[in-house]
Amino acid sequence: MNRSKPALIAIFSVLWFAQPALVSQELNSTFARDPGQPIDKQYTDQIHKYTTDPSFISPLVDYLPASKTVPTPAKVLGDVSGAPDMLPYAEDVYRYFRLLEAATPRVKVFTIGHSEEGREMIAAAIADTALLSRAKENDARLAQLADPRTIGLDDAKARQLLDQSWPVYYITGTIHSPETGAPTALMELAYRLAVDDAPYIKYIRSHMIVLITPVVEVDGRDRMVDLYRWHKAHPGQDWPHLLYWGHYVAHDNNRDAMAMTLDLTRNVLDAYLSWHAQVLHDLHESVPFLYDNTVGDGPYNAWVDPILADEWAELGSNNVAQMRSFGMPGVFTHGDFDTWSPGYLMFLAAMHNGISRLYETFGNGGADTEKRILRPEDYSRTWYRQNPPLPLVTWSQRDNNNYEQTALLSTISYFSRNTHHFLENFYLKSKRSVQKPTLEGPAAYVLPAEAASANRQIELVKVLKRQHIEVQQLTNEITSTVPGEKRGEKPRQDTFPAGSIVIRMDQPYSRIADALLDRQFWAAGDPQKHPYDDTGWSFAHLFNLNVARVADPSVLKAKMVPLDDPRSLAGKISGSGTVLAVANTGQISLLPLIYKLKDATIQIAGKPFDAEGKHFAAGSLLITDAPEAIAQIVHDLGLDASRLAAEPSVAMRKVSAPRIAFMHTWLSTQAEGWWRIAFDSAGVPFDYISTQAVARQTDLRAKYDVIVFAPVGRASALDILNGIPVWNNAMPWQKTDLTPNLGTVDGSEDIRPGLGYDGLAHLRSFVEQGGLLITCEDTAQFAIETGLAPGVSVAPHDDARVVGSVLNTVLVSPDSPVVFGYRAAGLPVISANGMVFNVSNMLGRTGGRVLMDPMTDPLDPYAKRATGRGSVDDSDEPQGRKIAEAEPLIKQQPWEPRPLDEELTRNNPEVIPVESRPDVILRFSDARSLLLDGLLDRPGSIAEHAVVVDAHLGQGNVLLFGNNPIYRGETIGTYPLVFNAILNYGQLARHPSSTTHSASAGK
Ligand SMILES: [Zn+2]
């Protein structure tokens, strides 16, 4: 709670209780119709016909007012919104909104951008003509409230502005394409808002602007409609689930609000901020019958203003109380969705001084009317759901549309009666964001200028800019006090050179910058036992950058200038000479550079070297015959380069652009989409092939050097091999007249068959002939279980708990090309659930780690000594005979294979030849230093275990990631692990230094 504003709390309580309880339409006139306005009888009859239970409708939507001039949704749909067996394409939805715009001055339609596949995204603004015609003036006032620096944080001026202003409430539909109800509900809602003369709707129209984006995931919507059309044309047959939603990712499009990788996220935020809206309300369908998760559950995100938490309570409680007063069952606002991660689309508002809201209504994944059987956890009566959903229900798309519209109309009505209050909060939150340095701190985040990090700094600054965060650069060196890392540690003085990047916290959108750059801690004992999404995400760690959290406000007085173009941080060529050297410092653009310089001669240094006063790590590039455009190319890629007078005397090898295939399944394309977008946006070309194509392709090695098999998402090896069962009908995913939007990313006449044993054999021979197979999480498990990674197993997890946490790693093979350019210090990785590997020098069950007595130190072999003479570190000495020395026991580290001796190797065909034993590249750090951000509980079974392993098979390699190095656009710091491996695919054979056992004989 905000202790400095007791008056505000008082206002809250008055507002809260001022809203009278609604018993029924007869008893309360809040939502009464205009008796003088005729209704559209035919439309109204259809509404009732398609509503499957009288309790699934309310007085707000049980009729449709008639208009002589404004067309109803039936004009485009041919039937009412939510009618069965019909889903409109995005274009049809837009056509309706544009018909509205043409028919009434109360509706204005805007293009807000385009999707990755070029489809339009729109927003429609609805209000009285008087408001819309003065929307620009209103926006100019809202812009000042949104950035209180413009009025010198003067509350009196703010009051004048907000007295004259009206707020903007932004509703977004169907980001999740199989959740199909929102577009038709929003078409009808728009009609009602524009046409209905019920006093409460007239009040809405004259007091606020409702902004609607009816389709957020427009690529996915059109594919979903295709799929539904195929289903209707093939009654009784199985239809595929939606494999591709957007061009890249599926359900995760609602986890993009941090890195903002997807066009839809950028378009929605740009629209939201350009209207200076107060609310972003996102519509979903997965919970019966309406879960308004505005209240949700703890833990709440630690960076939101407490005013927002109060607004959630106010709006959520009021909304469901109204819904329940209509007698609608299954409406609730408390639930087990925690509001910790800021990755959800709605959270764009929470992190930009607005209000985030989300409805989960009930949907059938299409417009079929279905008998639905609910689970006990869905229909049970709980303290927060006294009128729970019915356990067995016939549910229609119209029912869904009734719930969505009723809830939206009633909450917008409440909002319209309290516009002043919400605008005041909007200003207060914005003001407190600007006051952050003096209220709670920090004063700023500073990224020290350092050439080695510039490439990744550019990527971070790009994210900050997408978030509309102002970024500055120091013009002079400064010294600032930086708090100690741990509680009780003394603050230290840090010096930041000129050119260092400053993210000031005295700016309106400081909150999102703070949330992204700060660290996160989720207590193991938190009462919330099911974190809804990632528990840690610090971008400082995930981008592998030095970022100082500076509390000392004097930093804000330092001289700085805006950093307008982040690419200016790098892209310079220094020196003179014929050889161009690009140091490997863990950039994401070294691999792309190879593809840009097809005609140049490029060599990779196998060892570090110094030249022209600079240090070049192993893996640095040396380019001769660079084209004239090289200056532009390195600038565009954010790479610094040095001209050298001559080639350095260091071992080098020529590289040519590796030929990459990107293999996907027909089970799910969710997780691989994040890899695909990373390759596409970096400029790394690849062939996109399915497991079915691999099953047909006998000579993969002739075509490809590297096959990337990104995570599928909880797929077993059998799932990948077998695909979808072929018991029933074929399931096509193809572009046809009926399904013009399918088959564009990839297609198959029948998506059911998987990789199969032929495909597996082809993959195996690809690797054996020198190819590199890159695997991650479930595809790493697949490689292990199908024998492609000899000596590697997935380590037992025991009771360790990790939920999307940022964990610390240590380089085990610093000479491996996979870690070229990385510093020896810890590399943060994101780990979904703590997946780690055991490695062994033998196949079979005997090769794993030595099982020690769990009661003693599992790592200390001498802890097992028997009772006898001497200390624990001594040997016992039998009496009456000569003392015989035992073979020294070697302390085996958790990331190491069990050492071999004569006993193990004698006549043992399971012993893996030296050159084929796996190399551990990265391991987790020890339990004490393992956690960087998020949740880590009982880490014993995963600490110090291998997390990235290079397995060797024949002439080739299989790289296994337990962490996901390319994830949601958030893990720029680990992209180069993948890119290095690709660039050096031919150099991953067992390193001579790693063939000897690396354990110190520590005891
Ligand atoms: Zn959803």
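The values are calculated or read from the model by the stated rules, or taken from the named source; none is laboratory data. Here the structure is a predicted model, which is why all the values come from computation and not from measurement. Here Cβ is always computed from backbone atoms with ideal geometry, including for glycine, and neighbour counts include all displayed protein chains. For the accessible areas, the whole protein counts, side chains as well, though only heavy atoms, and no ligand, DNA or RNA atoms are used. Shrake-Rupley method; radii C 1.70, N 1.55, O 1.52, S 1.80 Å.
For helix 41-50, report the angle its Cα long axis makes with the longest principal axis of the Cα atoms of the chain; keep it between 0 and 90° and round to the nearest 10°. Value to nearest ten degrees: 40. Given +1 at the Cβ of Lys and Arg, -1 at the Cβ of Asp and Glu and no other charges, the dipole of the stretch 296-389 around its Cα centre is 380 debye to the nearest 20.
Amide H contacts of residue 932: 806, 807, 808, each under 5 Å away and 5 or more positions distant or on a separate chain (H built 1.01 Å from N in the peptide plane; Pro and chain starts excluded).
A simple count of charges around residue 395, restricted to other residues whose Cβ falls under 12 Å of its Cβ and scoring Lys, Arg +1 and Asp, Glu -1, yields -2.
The chymotrypsin sites (Phe, Trp or Tyr not before Pro) of the stretch 326-429 that meet both conditions, a loop assignment by DSSP and at most 16 other Cβ atoms within 10 Å of the site Cβ, are 383, 384.
Peptide packing for 212-221, 51-60 was compared via the average number of neighbouring C-beta atoms within 10 Å per residue; ordered from the highest value, the list is 212-221, 51-60. From zero outward in steps of 5 Å, how is the percent of C-alpha pairs of the stretch 578-721 spread across the bins? All Cα pairs considered, the percentages come to 2, 9, 17, 17, 15, 12, 10, 9, 5, 3, 1, 0. In order along the stretch 296-307, phi translates into HN-Hα couplings of x, 8, x, x, 6, 3, 7, 10, 7, 5, x, 4 Hz, rounded to whole numbers, per the Karplus curve 6.51 cos²θ - 1.76 cosθ + 1.60 with θ = phi - 60° and x for Gly and Pro. Couplings 3J(HN,Hα) of the stretch 672-685, computed from phi: 5, x, 5, 6, 5, 5, 5, 5, 4, 6, 6, x, 10, x Hz, in residue order, whole Hz [Karplus 6.51 cos²θ - 1.76 cosθ + 1.60, θ = phi - 60°; x for Gly and Pro]. Converting the Cα gyration tensor eigenvalues of the stretch 747-854 into ellipsoid dimensions via √(5λ) gives semi-axes, longest first, of 28, 20, 18 Å.
When a 1.4 Å probe is rolled over the protein heavy atoms, the share of accessible surface on the stretch 718-796 that falls to carbon and sulfur comes to 52 percent.
The magnitude of the dipole of the stretch 523-598, with charges of +1 and -1 set on the Cβ of Lys/Arg and Asp/Glu and taken from the Cα centre, is near 380 debye. Ligands, DNA and RNA left out, the 1.4 Å accessible surface of the stretch 345-405 is 53% carbon and sulfur atoms.
The accessible surface of the stretch 918-973, taken with every protein chain in place and a 1.4 Å probe, is 41 percent carbon and sulfur. In this structure the amide hydrogen of residue 372, modeled in the peptide plane, comes within under 5 Å of the amide hydrogens of 393, 394, 395, none closer than 5 places in sequence on its chain. On the principal axes of its alpha carbon atoms, the chain extends 110, 71, 71 Å, with the longest extent given first.
Estimated at the nearest 10 Å², the accessible area of residue 869 is 90 Å² with a 1.4 Å probe. The three principal axes of the C-alpha atoms in the stretch 184-270 carry coordinate ranges of 48, 40, 13 Å, sorted with the longest axis first.
When the helices of the chain are scored as -39500 (n - 2.57) per DSSP H run of n ≥ 4 and the total is divided over every residue, the value at 222 nm lands at -8500 deg cm²/dmol. Using the Cα coordinates of the stretch 506-586, the gyration tensor eigenvalues translate into equivalent-ellipsoid semi-axes of 36, 22, 11 Å, sorted from longest to shortest. Amide H contacts under 5 Å for residue 573: 641, restricted to partners 5 or more places along the chain or on a different chain, H placed in the peptide plane at 1.01 Å from N. Other residues within the sphere of radius under 11 Å centred on the Cβ of residue 975, judged by their own Cβ, net out at -1 (K and R +1, D and E -1).
May I ask for the angle, rounded to the nearest 10°, between helix 218-233 and the longest principal axis of the chain, with both axes built from Cα atoms and the value confined to 0 to 90°? For helix 218-233, the angle is close to 80 degrees.
Among the GluC sites (Glu not before Pro) in the stretch 86-152, none sits in a DSSP loop with a Cβ that has at most 10 other Cβ atoms within 10 Å.
A cut-off under 10 angstrom between Cβ atoms defines the neighbours of residue 723, and their net charge, with Lys, Arg +1 and Asp, Glu -1, is -1.
Using a probe of 1.4 angstrom and keeping all protein chains present, the accessible surface of the stretch 430-540 works out to 38 square angstrom per residue. Backbone phi angles across the stretch 250-261, fed through the Karplus curve with coefficients 6.51, -1.76 and 1.60 (θ = phi - 60°), yield HN-Hα couplings of 9, 4, 5, 4, 9, 10, 9, 6, 8, 7, 6, 7 Hz in residue order; Gly and Pro are listed as x.
Under the convention that each Lys and Arg Cβ holds +1 and each Asp and Glu Cβ holds -1, the size of the dipole of the chain around its Cα centre is about 1400 debye.
When the C-alpha to C-alpha distance is required to be over 28 Å, the pairs from 462/607; 614/654; 436/462; 108/157; 486/891 that qualify are 462/607; 108/157; 486/891. Taking 231, 635, 615 and ordering them by how much accessible surface each has at a 1.4 Å probe, largest first, produces 615, 635, 231. Using Cα atoms only, what is the angle between the long axis of helix 454-466 and the major principal axis of the chain, expressed in degrees (0 to 90) to the nearest 10? Between the helix axis and the principal axis of the chain, the angle is about 10 degrees. Ignoring aspartates and glutamates fewer than eight residues from residue 431 along the same chain, the ones with Cα atoms less than 12 angstrom from its Cα are 147, 154, 155, 305, 506. Applying the Kirkwood pairwise sum to the alpha-carbon positions of the stretch 861-969 produces a hydrodynamic radius of 18.1 angstrom.
In the context of the full set of protein chains, the stretch 235-275 has a per residue accessible area of 28 Å² (1.4 Å probe). DSSP finds beta bridges in the chain, and of those with both partners inside it, around 65 percent are antiparallel. Remark: the stretch 132-200 carries 30 Å² of accessible area per residue (probe radius 1.4 Å; ligands, DNA and RNA excluded).
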